[in-house]
1. Look at A:Asp215 and say whether it is closer than 22 Å to A:Ile337 by Cβ, surrounded by 24 or more Cβ atoms within 10 Å (Cβ to Cβ), charged (D, E, K, R) and touching a Pro at 6+ places or on another chain (Cβ under 8 Å).
2. Determine whether segment A:224-233 contains at least one residue that is of a type in the set (A, V, I, L, M, F, W, C), open to solvent by 10 Å² or more (accessible area, probe 1.4 Å) and at positive phi.
3. Do we have any residue at all in segment B:39-53 that's closer than 22 Å to A:Ala377 by Cα, in contact (Cβ under 8 Å) with a residue 12 or more places away in the chain and within 14 Å of another protein chain (Cβ to nearest Cβ)?
4. Condition first: among the polar types (S, T, N, Q) and out of contact with any Ser or Thr (no Cβ under 8 Å at 6 or more places or on another chain). Now tell me which residues in segment A:44-66 satisfy that.
5. Within segment B:17-36, track down each residue that is within 12 Å of chain A (Cβ to nearest Cβ) and either of a type in the set (Gly, Ala, Ser) or in a loop (DSSP other than H, G, I, E, B) (or both).
6. Could you say whether any residue in segment A:186-197 is within 12 Å of chain B (Cβ to nearest Cβ), within 23 Å of A:Thr162 (Cα to Cα) and either in contact (Cβ under 8 Å) with a residue 12 or more places away in the chain or buried (at least 19 other Cβ atoms within 10 Å of the Cβ) (or both)?
7. Going through segment A:34-59 one residue at a time, which ones are surrounded by fewer than 24 Cβ atoms within 10 Å (Cβ to Cβ), within 22 Å of A:Tyr231 (Cβ to Cβ) and touching a helix residue (DSSP H, G or I) at 6+ places or on another chain (Cβ under 8 Å)?
8. Which count do you get for residues in segment A:85-139 that are over 24 Å from A:Gly10 (Cα atoms), touching a residue at least 24 places away in the same chain (Cβ under 8 Å) and polar (S, T, N, Q)?
Amino acid sequence: MARAAVVGAGMTKFGVHDKPLQELFGEAALPALDDAGVEPSEIDAFYFGNAMSGQAENDTHLGPKLASHVGMAGVPVQRFEDACATSSNAFKNAVEAVDAGVHDVVLVGGVERCTPETGKDTAAMTRIFASASHRQYEQPTGLTFPGVFALFTKRHMHEYGTTEEQLAEVAVKNHGNGALNPNAHFGKETTVEEALDGPIVADPFRLMDCCPFSDGASAVVVVSEELADSYDAPVDVSGVGHATDVVPIGDKETPHVTQAARDAAAQAYEQADTSAAEMDFAEVHDCFTGAEILASEALGLVEDGEGGPAAEAGRTARDGDVPINPSGGLKAKGHPIGATGTAQLVELTEQLRGTAGERQIDGADSAVAHNLGGDAATTVVTVMEARR
Amino acid sequence: MSDRLTHGEWSDAVESGDLLGQTCSDCGKTQGTPKAACPHCGSRALETVELPTDGVVYTETTINVPPVGIEERGYQVAVVDLGEARVMGRLSDGEVEIGDPVELSGFTEDDDGYVAPAFEPR
């Protein structure tokens with residue numbers, strides 16, 4: 001049985017946006033309400049995600065600001081911050097609220113601006129992103145976020161022989177998928193040669209192994225399972241798992257296995273009474289190419305150590321046996337931190353409705369989303385299924 | 001020294017050329033950084049222990065795009081196996097790969113005075 005259903009979804013194009021946060025969020029929230037066919041007055045609560053606009057734009061207490069802008073001042077609003085897993089954590093709490101009968105109809109979404117439109121250049125934004133690593137035991141080394149995932153990926157390469165070419169194959173695939181997504185930050189294909197020719201950011205990652213700084217917003221309307229049939233095209237939320245791992249990296253038992261993702265996936269599959277083998281595709285948190293390879297293993301989509309070879313063999317392509325990131329993923333679609341989690345769920349909703357256009361996965365009935373935050377210390381995994 | 005290792009004591013040790021960690025008396029695991037309770041079993045029975053200053057690189061990366069406040073490019077950050085614990089630090093000299101032996105060589109300090117251990121090849 002489903003725990004909740006998504007009945008409306010909307011997102012902005014991810015990329016560069018020169019407009020205030022509330023206006024950007026309105027461009028995702030109003031389409032989500034229209035898609036659901038609900039008026040702001042029908043929304044019982046607003047669960048909202050934003051990670052770093054306090055640091056990036058001197059803009060906090062965004063809940064009521066955004067609610068006022070989209071016509072729902074007065075409803076209870078709660079804001080979530082969990083680094084890059086921000087809006088999927090908002091979503092988890094919304095699902096729990098409708099599952100428990102606290103609310104019937106909830107707006108969930110996130111917004112973030114990370115490009116130089118905030119007034120912050122790459123070095124300044126790199127420092128803000130690094131604030132999600134441990135202040136005392138990681139940041140003083142000069143660690144950056146590419147550095148965090150580089151540390152995991154280098155160990156994975158050492159253990160399993162994962163190669164830089166296999167990392168590049170992830171970038172090539174996701175850029176190819178992003179080229180079919182009108183909302184993607186990057187709409188251009190790339191090649192393994194181009195990826196391997198880029199400047200090194202934090203080895204083994206070159207520029208094309210890294211997702212961009214993006215601005216954007218995304219939103220979904222979540223309703224209780226009982227109400228779902230009174231809306232057009234509901235998509236069932238059958239499991240949401242959420243787990244954390246030890247911080248800092250040095251104190252994690254086996255950093256590259258991303259234990260939080262394994263624990264969250266196990267919870268989500270168990271709630272949904274399903275398994276990785278039943279998933280028709282996955283949206284995973286590919287902030288770096290190596291992160292997609294680790295996620296594909298942690299979610300059980302491929303065997304441990306097979307993430308690299310699977311990407312190289314085309315198994316994770318849209319026409320492969322385990323399609324990953326048909327949206328283009330963070331790598332090509334973009335990564336506006338607080339908007340990323342619910343944007344993955346927008347993609348699941350569209351694919352499971354069969355309305356994803358050129359990038360549609362044929363016959364997709366079940367899918368999983370994996371949204372990771374911090375030094376792999378938070379992961380939220382969501383299983384959604386088409387209501388037939 | 002108090003029973004429970006603090007960040008201040010850990011930092012003072014790093015500046016003096018020592019590395020302190022905590023061993024859990026209940027589950028036996030050792031951590032390279034201070035906690036109020038064991039992250040694995042929740043026990044508060046944590047004993048401050050001196051970690052070896054010689055170790056082996058567990059994983060590493062070289063950072064070419066630094067955050068604001070760091071002018072240098074191409075500095076290496078490593079997670080080092082030190083007996084039962086692991087610690088993250090900066091390479092002060094030389095280049096290392098996974099499996100290479102390293103030793104504590106000093107420390108680096110950020111703009112706010114937070115320190116990190118520094119290692120060099122041994």
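The values are calculated or read from the model by the stated rules, or taken from the named source; none is laboratory data. In this text, all values refer to a predicted model and were calculated from it rather than measured experimentally. Positions of Cβ are generated from backbone atoms using ideal geometry, with glycine treated the same way; all protein chains shown enter the neighbour counts. Ligands, DNA and RNA are stripped out before the accessible areas are found, and what is left, the full protein with its side chains, is counted by its heavy atoms. Shrake-Rupley method; radii C 1.70, N 1.55, O 1.52, S 1.80 Å.
1. On the way: closer than 22 Å to A:Ile337 by Cβ: yes; surrounded by 24 or more Cβ atoms within 10 Å (Cβ to Cβ): yes; charged (D, E, K, R): yes; touching a Pro at 6+ places or on another chain (Cβ under 8 Å): yes.
Here the answer is yes, as A:Asp215 does meet what is asked.
2. If we filter segment A:224-233 for residues that are of a type in the set (A, V, I, L, M, F, W, C), which is where we start, we get A:227-228, A:233.
Within this subset, residues satisfying the condition of being open to solvent by 10 Å² or more (accessible area, probe 1.4 Å) are A:227, A:233.
Those left that are additionally at positive phi: A:233.
Yes, there is a match, as at least one residue in segment A:224-233 is of a type in the set (A, V, I, L, M, F, W, C), open to solvent by 10 Å² or more (accessible area, probe 1.4 Å) and at positive phi.
3. Looking for residues that are closer than 22 Å to A:Ala377 by Cα, in contact (Cβ under 8 Å) with a residue 12 or more places away in the chain and within 14 Å of another protein chain (Cβ to nearest Cβ), one finds at least one in segment B:39-53, hence yes.
4. Within segment A:44-66, the subset among the polar types (S, T, N, Q) is A:50, A:53, A:55, A:58, A:60.
The answer is A:Asn58, and nothing else.
5. Selection gives B:Gly21, B:Cys27, B:Lys29, B:Gly32, B:Thr33, B:Pro34, B:Lys35.
6. Let us first name the residues in segment A:186-197 that are within 12 Å of chain B (Cβ to nearest Cβ), namely none.
No; the residues of segment A:186-197 include none that is within 12 Å of chain B (Cβ to nearest Cβ), within 23 Å of A:Thr162 (Cα to Cα) and either in contact (Cβ under 8 Å) with a residue 12 or more places away in the chain or buried (at least 19 other Cβ atoms within 10 Å of the Cβ) (or both).
7. Once the filter is applied, which keeps residues that are surrounded by fewer than 24 Cβ atoms within 10 Å (Cβ to Cβ), within 22 Å of A:Tyr231 (Cβ to Cβ) and touching a helix residue (DSSP H, G or I) at 6+ places or on another chain (Cβ under 8 Å), segment A:34-59 yields A:Glu39, A:Pro40, A:Ile43, A:Ala45.
8. 3
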